[in-house]
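Asker: Input: one structure, supplied below.
No lab work stands behind these numbers, since they all come straight from the coordinates. Small disclaimer: the values here were computed from a predicted structure and weren't measured. Virtual Cβ from ideal backbone geometry, glycine too; neighbours counted across all protein chains shown.
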Amino acid sequence: MIQNSTKVASRDYLQINHVNLEKSEWSGLGFLRIHEFNLALWGKKGWRLLSNEDSLVAKIFKARYYPGSNFLSASFGSNSSYVWRSNWGAKHIVSKSSVCKIGKGKKIDVWKDPWLPFSNYDFKISTAHLEDLENTKVNNLLRTDCLEWDIDLISYLFNGRDRNLILKIPLSVSSVEDVWMWAGDNKGKYTVSESCSHAIAKEIDSQFFVVIWEDHPRPFICNLLHLDLNA
């Protein structure tokens, strides 16, 4: 009787452990995904450097690592501190869902920064730019006599897709500052959960292809994968 009870208890313990393991891996706090969770937390710090440039910490990092630009355009640099290396390592998570809401347009780089109102997480200009217009700001696309888009200039510089998206952007009557928004949240605020999900999804995609290639797939499978990726 005692032996049977032990077997049942042991079986139930294994089942509970299996359920908890599966839940912890894909949901909950995600302790088995601690690397991605850590990236999301560092991404939140990077988001603060981008969205709150008036803070003392942001001013220090800006002066040291990206003077004249913003966190999204920052390079790794040489002799970097541990804190900066950690922030920079999560920059791809921040850049994935960051988009700027245009105000004055003085701080937003037309070609490098994400500022177009596109719903498919593709907020950057797709038009190839001229070298002479390398550091053009958004406010240079406005008319000088009033707060309106310069339609002739925009039509000359950009392709149809970019031109239509730019002209859809409403301009504020009052002169307000540019504001960074988080596209993954309805309130425009950075969320650790959405960032962690993005990091996990990216790792799953990479692991999928590692498993595929390790199995030495036949040529027709390689062709199918190639066609699917380029569809």
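Asker: Can you give the local net charge around residue 57? Use residues other than it whose beta-carbon is closer than 12 angstrom to its beta-carbon, Lys and Arg +1, Asp and Glu -1. Please list the in-between numbers first.
Answerer: Values: positive: 45, 48, 59, 62, 64; negative: 53, 54.
The answer is +3.
Asker: Which peptide among 162-168, 108-114, 54-60 comes first, and what is the full order, when sorted by highest mean count of other Cβ atoms within 10 Å?
Answerer: Values: 162-168: 15.7, 108-114: 20.3, 54-60: 11.1.
Result, highest mean first: 108-114, 162-168, 54-60.
Asker: While we're on this one: With +1 on each Lys and Arg Cβ and -1 on each Asp and Glu Cβ, how big is the dipole of region 111-155 about its Cα centre, in debye rounded to the nearest 20?
Answerer: Values: 4 positive and 9 negative charges, 41 e Å.
Computed charge dipole of region 111-155: roughly 200 debye.
Asker: With a ≥ b ≥ c taken as the square roots of the eigenvalues of the C-alpha gyration tensor of region 38-88, please select rounded if a/c is under 1.5 and otherwise prolate if a/b is larger than b/c or oblate if it is not?
Answerer: On the way: a/c = 1.61, a/b = 1.07, b/c = 1.50.
Oblate, since a/c reaches 1.5 and b/c is not below a/b.
Asker: Based on Cβ point charges of +1 for Lys and Arg and -1 for Asp and Glu, what charge dipole magnitude is obtained for region 103-177 about its Cα centre, in debye rounded to the nearest 20?
Answerer: Details: 10 positive and 12 negative charges, 52 e Å.
It works out to roughly 260 debye.
Asker: Going highest first, how would you order 39-46, 148-155 by mean Cβ packing within 10 Å? Mind dumping the intermediate values first?
Answerer: Details: 39-46: 21.6, 148-155: 13.0.
Output ranking for 39-46, 148-155: 39-46, 148-155.
Asker: Okay, moving on. Anything over 25 Å Cα to Cα? Flag those among 59/96; 168/189; 45/168; 101/137; 91/168, in the order listed.
Answerer: Exceeds cut-off: 45/168; 91/168.
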